[in-house]
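Okay, structure first, notes after.
The values are calculated or read from the model by the stated rules, or taken from the named source; none is laboratory data. No experiment lies behind these values; they were computed from the predicted model shown. Glycine gets a Cβ as well: all are built from the backbone with ideal geometry, and neighbour counts include every protein chain shown.
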Amino acid sequence: MTRDITVTINGEQHTVAVEPRLLLVHLIREKLNLTGTHIGCDTSSCGACTVLINGKSAKSCTILAVQADGASITTIEGVGTPEALHPLQEGFRECHGLHCGFCTPGMIMRAMELLEKNPNPTEEEIRWGIAGNLCRCTGYNNIVKAIQYAAAKLRGEETPSTEPEFV
Amino acid sequence: MITCKTSREIGGMGHPIKRKEDIRFIQGKGRYVDDIKLPGMLHMDIVRSPYAYARIKHIDASEALKIPGVVAVVTGKDLEKYNLHWMPTLMSDTQMVLPTDTVMYQAQEVAAVIATDRYTARDAKEAVRVEYEPMKPVVDPYKALEPDAPVLRTDKEGKTDNHIWHWEVGDREKTEAVFRSADVVVKEHMHIPRIHVVSIETCGCVADYDKVNNHLTMYMTTQAPHAIRTVIALVAGHLGLTEEKIRVISPDIGGGFGGKVPVYPGYVIAIAVSFLTGKPVKWIEDRSENLQADSFARDYHITAEMAATREGKILATRFKVLADHGYTDAAANPSKFPTGLFSIGTGSYDYDTAFMEADAVYTNKPPGGVAYRCSFRVTEAVHAIERLTDSMARALGMDPAEFRMKNFIKKEDFPWKSPTGWTYDSGDYHAGLKKAMEVIGYDDLRREQAEKRKKGELMGIGISTFTEIVGAGPSRDFDILGIKMFDSCEIRVHPTGKAIARFGTKSQGQGHETTYAQIIAEELGIPAEHIQVEEGDTDTAPYGLGTYASRSTPTAGAAAAVAARKLRDKARKIAAYLLEVSEEDLEWEPGKFYVKGAPEKAKTIQDIVFAAYTNHPPGMEAGFEATHYYDPPNLTFPSGAYICVVDIDKETFEIKIRRFVAIDDCGNIINPMVVQGQVHGGLTQGLAPAMYEELIYDEDGNILNGTLMDYLVPTAVESPRWETGHTITPSPHHPIGAKGVGESPTVGAPPAIANAIVDALSVYGITHLDIPITPYKIYEALKAKGVIED
């Protein structure tokens, strides 16, 4: 038994026949072949699958595809272009905010909404803001820096130094 | 100070250049194993045991097989027909691929279901009926050794107990004599808990067997693709799958930390099913399966003792370990070292007497004994010595910093021979601790603590000054299943002066595509941005033992430098020919050879490489390629001085890390940005077992926290803002003086945190708490001391 749903992903409209139990993340990864959105757990704990649904960050492993019927979804593939990276993408690279890259798309999608709502967050607000996304490699220091870098750039201000600081 | 010999454009060692690999990761274009989709691909899911120890009476797959899209259900009996139901572990023990009659731990693989898609496979898994006869499991490793304990490994002929092996090192009699006559002796019992690496990507594979060509391509999450190819050939060679017919591809890996070194049953079953069906088979485990069944780390019960003079000079240490290995010894260690490199546990201190022994036992828990961002049991050893050092300082009434300074090996005494047989290559422990103390303001903190204590507030300061041991390893001592632990690099420079370099290691986030390019850039002067690094494809990369135990820089990084130097020797010959001078008349500076005294007469590396293809000297082989298999003469010994400050709430016992300063010494630094990133990450992975993580089992062997809902991986909120720095003491024997760093902070952080917490609570007479130290554990300890009531 399937049901037709229509979703707009990264600006492109798709009508797909899906089983009602299909998770949104599997629609994105397996039916639409957008593999930048990752799966890191089965309990909605890690946030690797975070996408934007109508501008709000959401864990796509926690939502059924049918619930996204009619929605506009942005995945990492819809952020920036190779010629013009989004300030968050740039910030993650400039500040060494990633190692293995597996949590990175989810982190970036989560940070998009965070900065949309709070363009000038404190370190504390950033840390709480990404508390639903796990990273096992970086220890988070440089993820915080990457988001601060992007926030400055999005506000049109000079970006902070990206040289590593040592005590 | 980090000094650079090359320009930023060349980007050799010391430059914090941005990582090449990030470009694809930040745009969602990484290619991880679950992103691979092949035509006709089948999906595999695994039925797992609800019991820790049970006999399998019957498996009924009939309902599962009725589901449209289900292709097969595979059991141990099916694999037995091909002699694939057992496999060897890396420690030469044996492990079930699928059981034929008995399950040995909860969540063990019982059967595999194969279907045309992921959801159907999951439906079928639910439909498989298994009838079990539960038995009383052995969960406690101490009880496993009791005479009336049931013998778990009845598959081993003549086995009459649950003991696996005994290991010892050092001088037992001399140590006992020192302990008998010492002024002061301290003793602590510690459990280093069972934990899990939780790389954010779980394990998985796509096994693609081509019946027509009798060829297997295995895409899998492995840190050691070459070794895996050899293991597959050993396991499946009798079916005609010999090593040249196997290609292992390790694509981008979403974190490894040691958990992606072993061969898991799922991989072998996927290969078997692909072999039988001729179709590609994908297996991707769930997080919960990953936590419950994949290799654990640690689980060492340690009794640690130290003897010292009244004046504060360490005389000897003695460690006794009980290692809980689960139902098989599937640890990932070099063959000769069943406890890994635990014998580094004499620490950073100058004394000549030690004895260590360990016994390993079988229990009804998952197998393992892998790293968790740690080099072969070094974390366990370092935790023991650094906790013990604090206990001794307290017993002597000395400041723990002063006690360490008094006992450190002096920098002029390197190379230094440890009482357990290691030769430490270099170090400057005094400089590291001095720097850490200055940065954090140690003396002021002690004064503040004294004031706070008067007011009844709980503040603690903890130090850890550790010595790591990495870079396994020299072939005389180090092998895995007989294969020596060298590593390799092959460099090919194209006519236009751009290069590709391939390695036997495999990055899981360490940044090899950037840092290896920097090593070659340093040696040849070819800009790092024009050096493409490749790893993880056994058809193209030279053989190597893989990436774990902080061995990539010490082994493959060294191989890159030596291979590049071979090319520089060739370049010198070509330059002499082109400039019509003798080789001795040439000087090298990064990127060119020039004539001594006439710097305008020069040939750039690009000129030289072009000539190697277009105008090479008569009699010389054309081309510009070199390969090196590097066999390290010794291990490397990175070190660090960490200081942690905690405040503990007197009502809730919430522990707040106020500051954490980490001074690492990993020798010469290839890329300071990457090194710092590694240190940050390692520190959070040190915080995790110190305060949050432990796999907990009940008396029936049920795992109580087998999902990420209740296995607490630190988030950005728990993780403090790390303050990091370095001292630089190059390794004297490594071609570029580097030592490796990825795991140092995971090794060094837990005792610094534990020491800080114990320091805060020492006012109540507490000398030790097992990690993870939680508010509840503090509450229990204070209750036991009579400080608080129920």
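Some observations on this one:
- Leading residue by the ranking (nearest to the chain's Cα centre (by Cα)) among those in region B:23-56 that are under 26 Å from residue B:273 (Cα atoms), within 13 Å of chain A (Cβ to nearest Cβ) and of a type in the set (Val, Ile, Thr): B:33
- Residue list for region B:241-265, restricted to those being within 11 Å of the chain's Cα centre (by Cα) and among the aromatic types (Phe, Trp, Tyr): B:257
- Output for region A:1-57, where each listed residue is away from chain B (no Cβ under 11 Å) and small (Gly, Ala, Ser): A:11, A:17, A:55, A:57
- Residue in region B:6-14 that is β-branched (Val, Ile, Thr) and either buried (at least 23 other Cβ atoms within 10 Å of the Cβ) or assigned to a loop (DSSP other than H, G, I, E, B) (or both) present: yes
- The residues listed here are B:781, B:690, B:716, B:738; of these, the one that is crowded, with 22+ Cβ neighbours inside 10 Å and over 21 Å from the mean Cα position of the chain (by Cα) is B:716.
- Wholly within region B:166-235, strands (runs of 3 or more DSSP E) carrying at least 1 residues that are surrounded by fewer than 22 Cβ atoms within 10 Å (Cβ to Cβ) and of a type in the set (Asp, Glu): B:184-195, B:204-210
For (1) closer than 14 Å to residue B:400 by Cβ; (2) among the aliphatic types (A, V, I, L, M); (3) under 24 Å from the mean Cα position of the chain (by Cα); (4) surrounded by fewer than 19 Cβ atoms within 10 Å (Cβ to Cβ), each residue gets a yes or a no:
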| position | (1), (2), (3), (4) |
| --- | --- |
| B:422 | no, no, yes, no |
| B:425 | no, no, yes, no |
| B:439 | no, yes, no, no |
| B:443 | yes, no, no, yes |
| B:452 | no, no, no, yes |
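- Test for residue B:17: is it at pLDDT below 95, assigned to a loop (DSSP other than H, G, I, E, B), β-branched (Val, Ile, Thr) and not assigned by TED's automatic domain parsing to the domain that holds residue B:99: no
- For residue B:627, the requirement of being more than 30 Å from residue B:691 (Cβ to Cβ), touching a strand residue (DSSP E or B) at 6+ places or on another chain (Cβ under 8 Å), in contact (Cβ under 8 Å) with a residue 40 or more places away in the chain and of a type outside the set (A, V, I, L, M) is met.
- Residue satisfying condition, being within 26 Å of residue B:513 (Cβ to Cβ) and at pLDDT 95 or above, within set A:13, A:89, A:67: A:89
- Residue in region B:471-481 that is touching a residue at least 40 places away in the same chain (Cβ under 8 Å) and within 14 Å of another protein chain (Cβ to nearest Cβ) present: no
- Of the helices (runs of 4 or more DSSP H) entirely within region A:71-161, those holding at least 1 residues that are touching a residue at least 24 places away in the same chain (Cβ under 8 Å), crowded, with 17+ Cβ neighbours inside 10 Å and not assigned by TED's automatic domain parsing to the domain that holds residue A:59 occupy A:87-94, A:104-117, A:141-154.
- Residue list for region A:18-43, restricted to those being charged (D, E, K, R), farther than 22 Å from residue B:24 by Cα and touching a Ser or Thr at 6+ places or on another chain (Cβ under 9 Å): A:19, A:42
- Flag for residue B:734 being more than 11 Å from every other protein chain (Cβ to nearest Cβ) and in contact with a strand residue (DSSP E or B) (Cβ under 7 Å, 6 or more places away or on another chain): yes
- Residues that are more than 23 Å from residue B:60 (Cβ to Cβ), over 32 Å from the mean Cα position of the chain (by Cα) and surrounded by 15 or more Cβ atoms within 10 Å (Cβ to Cβ) within region B:118-149 comprise just one, B:149.
- Inspection of region B:401-417 finds a residue satisfying the criterion of being assigned to a strand (DSSP E or B), under 20 Å from residue B:170 (Cβ atoms) and in the same structural domain as residue B:731 (by TED's automatic domain parsing).
- The one condition in (1) closer than 30 Å to residue B:668 by Cβ; (2) in contact with a helix residue (DSSP H, G or I) (Cβ under 6 Å, 6 or more places away or on another chain); (3) of a type outside the set (Asp, Glu) that residue B:28 fails to fulfil: (1)
- Test: residue in region B:305-319 that is more than 20 Å from residue B:93 (Cβ to Cβ), at pLDDT 95 or above and within 23 Å of the chain's Cα centre (by Cα): yes
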